[in-house]
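What follows is one structure encoded as structure tokens, with my remarks underneath.
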Amino acid sequence: MTNPSDPTPATPPTRRPILIEHVAPSVDDGRHDVKRVVGDQLEVSADILRDGHDRLAAVIRYQCDGDGAWREATLQSGDNDRWSGAISLDAIGRWRFTVAAWTDTFGSWVEEMRRRIAGGQRELGSEILEGRALVERAATGARGEDGAVLRRVLAETATAGSADQIAALLDTRVRAAMARGEERADLTCFDRELGVTVDRARARFASWYELFPRSQGRVARRHGTFADCIERLPDIQRMGFDVLYLPPIHPIGRTNRKGRNNSLVAAPGDPGSPWAIGGAEGGHAAVHPDLGTLEDFSRLVDAATEHGMEVALDFALQCSPDHPWVREHPEWFSHRPDGSIKYAENPPKKYQDIFPLNFASPAWRSLWTEILGVVLFWVERGVLTFRVDNPHTKPLDFWQWLIAEVHRRHPAVIFLAEAFTRPKMMRALAKIGFTQSYTYFTWRNTREELTEYLEELTGTEMAEYFRGNFFVNTPDILPEVLQRGGPAAFKMRAALAATLSPLWGIYSGFELAEGDAVPGTEEYLDSEKYEIAARDWDRPGHLKDFIARLNRIRREHACLQTSRGIRFCPTDSPHVLAYVRTGPAGEAAVLAAVNLDPWTPRSAQVDLPLAALGIPPDETYALVELLTDVRALGRGPTLAVHLDPAASPAAIWRLARWRRREQHFEYFSS
């Protein structure tokens, strides 16, 4: 009843009889993109419901940047009004999707007719007329084969007896044509579009090898070149790496140059830190003349491609006092009251050889534009991957803008965030566009720490947007376990990284088990950051064969090429971490057990999730140990393992069904 004191009559709202909510996958209710790689199936689900008993129809509406029109994929109804479906992501770039639903009027009529017939109702003339009327309306605008099907059924039901009319109208071909062509009178769309960033495959699965180009020569203190890097490519390829990551290759400043072991005064001949970027020879768009020329760098990029690798560059947004920007654009830097430019500090650390950029200066627009130009400069020279130094010290809105602008022109570019910082900041960087992220894996050592961290990365919303790259060491981080644990610790950490994450990496020298540190720190003694190293890459005791086997196992098993499908197995030893990796249907499952104690042999009973693996509890199964090629048979849910770090701290098995009669293996998968 209208309120007589209110002269304005109430206007009913626009009707939305269908409710669509809880659309997945999404990040922060759709404020950020989920991440996938080309070739993936994006599984979409939503709660869709309406009043009454009428049937609903629903679709995923989706398009990739550059598509002229929206495409549709059918959603199927499941339990408790949850609908699900999938779309194929067949191109890199940014995709958008949403969910739409409407009342399936003809489908509701079909369902009612079937119930009437099953209930014995005989007088159905009125209902037949209703069905024909629905078909007539749809046939008006139908084209092609669907139009022909609908016009044919109208002709067949014009004079036929009721039984024949019903049979014709209930034909599955008519139902399919009506589903495609029926009017969507109450079409309702989800209230937002969700985004998917689709990257190339190497964004999710890659093995990184970091080296200092100036240390690739074989003579002590002689500056290496890009040509020396090319000579090392076959060795790196044999270890199975596919990303060759180079710290800054630019000219290095001389003002306040650091000496050996980060001393404040450089001795004659000290090369300085590569992160003190810029000199008389140029800045971020130049190469150090002792490394070679831009043409020499292009030859390295081409040679890496021939060896199945790509070159990744360090992208450090800072300048030495000698960088051309300091002279040409002093407005891009922060100044002290006396007018001098402030050098970088992270108390108690001081970086007197580096000036940070001021991203909030009055001239920020010209600075941001210049930096975009630097990225595009290297992309044009074949660099499609950048490891970004300390991105958490620059504004998030800058990175969001920069990455979007680069991807608008070159969607294949990969950005790795080197941000060992607060968890929420690391997650924020991943959400606003970084393709990959460094992680806390470097400092997770116990069974409980590793289990908790991996479950966070793979079992929460983080799995939709955060791709963790498990570097085992970096030029800045020599973990304590590697300082004290010897070669067994290096093998143990490599086995964990290579089988727990599809992305992992080592800093060169790891394969030689280099573990000398500045006492009481994680800094390398005689660090390559401040001097040129010369190594014998084939010296006795190297781990190259072990690393090569790990990378081969990764390439041969799809379950190790994704962060999903990790199930940790209970063990009766706190020193043994065991887990099963499962992948796509039809692909083999992998079981790994790792001794986290690099000094002591450890034994454990491992409880296997046989039911999840599809292994009957009374069936014999085979274990093919992939590091040694040793084969064994197992039976039952408990597996006894013994891991001697002096031999190998890890065992990695492919699970297979043993066919006794045929004497061969068939692989289990999830």
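Quick one: putting +1 on the C-beta of Lys and Arg, -1 on the C-beta of Asp and Glu, what dipole do you get for segment 510-581 around its Cα centre, in Debye to the nearest 20? Kindly include the intermediate steps, with their values, before the conclusion.
On the way: 11 positive and 13 negative charges, 165 e Å.
Here segment 510-581 has a charge dipole of around 800 debye.
Under the rule a/c < 1.5 gives rounded, and otherwise a/b versus b/c splits prolate from oblate, where does segment 1-119 land using the Cα gyration tensor? It comes out oblate by the Cα gyration axes.
Is the shape of segment 81-141 best called rounded, prolate or oblate, per the rule: a/c under 1.5 gives rounded, else a/b larger than b/c gives prolate, else oblate, with a ≥ b ≥ c the square roots of the Cα gyration tensor eigenvalues?
On the way: a/c = 4.36, a/b = 2.27, b/c = 1.92.
Prolate, because a/c is 1.5 or more and a/b exceeds b/c.
Counting charges near Val287 (Lys, Arg +1; Asp, Glu -1) among other residues having Cβ under 11 Å from its Cβ returns a value of -3.
Taking every DSSP beta bridge that has both ends in the chain, the antiparallel portion is near 75%. Per residue, segment 133-235 exposes 47 Å² of solvent-accessible protein surface, assessed with a 1.4 angstrom probe and all protein chains in place.
Test of the criteria: in segment 583-658, which chymotrypsin sites (Phe, Trp or Tyr not before Pro) are in a DSSP loop and have at most 14 other Cβ atoms within 10 angstrom of their Cβ? Display every interim value, and only then the final one.
Values: sites: Trp599, Tyr621, Trp653, Trp658; in loops: Trp599.
Answer in residue order: Trp599.
Loop by DSSP (not H, G, I, E, B), at most 10 other beta-carbon atoms within 10 Å: where is the longest site-free stretch of the chain for trypsin sites (Lys or Arg not before Pro)? Free of exposed loop sites, the longest segment is 144-659.
Taking the charge dipole of the chain about its Cα centre, with +1 at Lys and Arg Cβ atoms and -1 at Asp and Glu Cβ atoms, the residue from Leu655, Ser361, Thr628 reaching farthest to the positive side is Thr628.
Could you point to the residue in Pro395, Leu643, Gly459 farthest towards the positive end of the chain's charge dipole, with +1 and -1 charges on the Cβ of Lys/Arg and Asp/Glu respectively? Sorting the options by dipole projection puts first Leu643. Comparing Ala201, Leu211, Ile252 along the charge dipole axis of segment 144-289, the residue lying farthest to the positive side is Ile252, per the Cβ-charge model.
Here each label is just a point 7 Å from Cα along the line to Cβ, and for His307 and Arg31 those points are 4.5 nm apart.
Computed extension length for Glu130-Ala220: 23.3 nm, one decimal, from 0.36 nm per residue of separation with the Cα-Cα distance subtracted. Given +1 at the Cβ of Lys and Arg, -1 at the Cβ of Asp and Glu and no other charges, the dipole of segment 1-110 around its Cα centre is 180 debye to the nearest 20.
Ligands, DNA and RNA left out, the 1.4 Å accessible surface of segment 404-541 is 49% carbon and sulfur atoms. Label zone of Asn346 (point 7 Å out along Cα→Cβ, amide N under 16 Å): in segment 255-272 this covers 262. Annotation for segment 194-303: GluC sites (Glu not before Pro) lying in DSSP loop with at most 16 further Cβ atoms inside 10 Å of their Cβ are Glu281. Considering only alpha-carbon pairs that sit under 8 angstrom and 6 or more positions apart, the relative contact order computed for the chain is 10 percent. Note on segment 383-435: Cα-only Rg and Dmax are 10.5, 31 Å. Distance between the pseudo-spin-label points of Glu295 and Ala179 (7 Å out from Cα toward the beta carbon): 6.3 nm. Per-residue ellipticity at 222 nm, computed for the chain from helices alone with -39500 (n - 2.57) per DSSP H run of at least four residues, works out to -8500 deg cm²/dmol. Calculated accessible area for segment 536-670 comes out at 46 Å² per residue, all protein chains present (probe 1.4 Å; ligands, DNA, RNA ignored). Placing +1 on each Lys and Arg Cβ and -1 on each Asp and Glu Cβ, with no other charges, gives segment 60-124 a dipole about its Cα centre of roughly 100 debye.
At q = 0.13 Å⁻¹, what log₁₀ I(q)/I(0) does a Debye calculation on the Cα points of segment 254-336 give, no solvent, two decimals? Summing over Cα pairs of segment 254-336 leads to -0.54.
Principal axis analysis of the Cα atoms in segment 291-413 yields extents of 53, 32, 29 Å, listed in decreasing size.
For segment 119-190, how big is Rg over Rh, using alpha carbon atoms and the Kirkwood form of Rh? Display every interim value, and only then the final one.
Numbers: Rg = 13.0 Å, Rh = 12.8 Å.
When Rh is taken as the Kirkwood radius, the ratio is 1.01.
Taking 0.36 nm per residue of separation and subtracting the Cα-Cα distance, full extension of the segment from Leu396 to Ser263 would add 44.6 nm.
The values are calculated or read from the model by the stated rules, or taken from the named source; none is laboratory data. Keep in mind the model is a prediction, meaning the values are calculated, not measured. Using ideal geometry, Cβ is built from the backbone for each residue, glycine included, and neighbour counts are taken over all protein chains shown. The accessibility values were calculated without ligands, DNA or RNA, using every heavy atom of the protein model including side chains. Shrake-Rupley method; radii C 1.70, N 1.55, O 1.52, S 1.80 Å.
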